[in-house]
Amino acid sequence: MINYSSHTRSFGIRWNIKIEPIYRLLDNVNYINNFFENGEIMLSCFNNFKKNPDEMQGDKEEGHAIVGEFGNGPRNSHVIYESGLNAFIMSTTSKINEVVIKDFNAVGAIKINNPSMFAFEIAKKLPFVDSGVEGFCNYKSSRVEFLEGEEGKLLNSLDFDSPSSHLIFQEITRGRELFLKLDKYQHQNEYRLAWFSNEEIKSSLIVRCPEAVKFCDKIIF
């Protein structure tokens with residue numbers, strides 16, 4: 001048997017994660033060139049997604065979700081809610097394929113080699129932004145999710161007249177609605193970046209961030 005004990009090391013330990021590139025597809029070569037020449041890139045928002053009539057580019061239900069719980073109390077609970085109204089959004093794909101190129105009429109892409117550092121540099125240029133999140137979208141057949149175990153019990157016990165219940169609800173949902181997409185979008189393999197502002201975001205914003213260019217490569221189809 002080998003016994004392990006803690007001790008003071010004379011050297012530090014470096015720990016990293018495996019970084020995968022993502023791709024911001026664009027339908028105009030000038031937009032791509034402008035980013036690499038001037039650092040300008042446009043961020044969107046859920047309000048724009050909801051108004052876009054294109055079935056594959058728009059989604060009227062962005063940011064909406066329903067969570068429910070059954071069987072853990074005298075009443076069954078469900079909550080219909082919406083979030084992300086204060087977020088700048090950038091949609092990217094983790095995999096380029098012919099179908100997703102067609103969906104976005106893409107002529108090329110900005111290959112983002114380090115999404116976290118790219119997003120961090122962008123964040124420095126955004127007004128009233130103090131936090132953000134990134135990750136893969138989750139594809140499901142419905143926007144309804146049933147909570148089980150401790151999460152379900154907590155949901156069933158919430159009294160939304162109490163401010164503390166709203167904080168608990170946020171901890172339960174963990175922002176899952178920000179990354180929730182229906183199955184029909186699954187081929188897009190979306191990786192989403194979101195920057196949260198202290199104000200409601202109702203329209204797109206062109207941000208100038210030359211510092212983000214060093215994390216990217218240009219792709220023209």
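Structural remarks
- Fraction of accessible area attributable to carbon and sulfur, the chain (%, probe 1.4 Å): 53
- Residue 150-residue 206 pseudo-label distance in nm [points 7 Å out on the Cα-to-Cβ vector]: 4.9
- Computed [θ] at 222 nm, helices only, for the chain once each DSSP H run of length n ≥ 4 contributes -39500 (n - 2.57): -6500 deg cm²/dmol
- Here the spin labels are modelled as points 7 Å beyond Cα on the Cα-Cβ line, and at residue 52 and residue 160 they lie 2.9 nm apart.
- Spherically averaged projected area of the convex hull of Cα atoms, the chain: 18.5 nm².
- Sum of side-chain charges, residue 189 neighbourhood, beta-carbon under 12 Å (Lys, Arg +1; Asp, Glu -1): 0
- Mean Cβ count within 10 Å, highest first, over the residues of peptides 182-191, 108-117: 108-117, 182-191
- Calculated FRET efficiency for the pair residue 95/residue 13, C-beta based, R₀ 41 Å, to 0.05: 0.80
- Whole-number accessible area per residue in Å² for segment 127-221, which is evaluated in the context of all protein chains at 1.4 Å: 58
The values are calculated or read from the model by the stated rules, or taken from the named source; none is laboratory data. Owing to the predicted nature of the structure, the values given are computational and were not obtained by experimental measurement. Cβ: placed from backbone, ideal geometry, glycine included. Neighbour counts: every protein chain shown. SASA here: full protein model, heavy atoms, side chains in, ligands and nucleic acids out. Shrake-Rupley method; radii C 1.70, N 1.55, O 1.52, S 1.80 Å.
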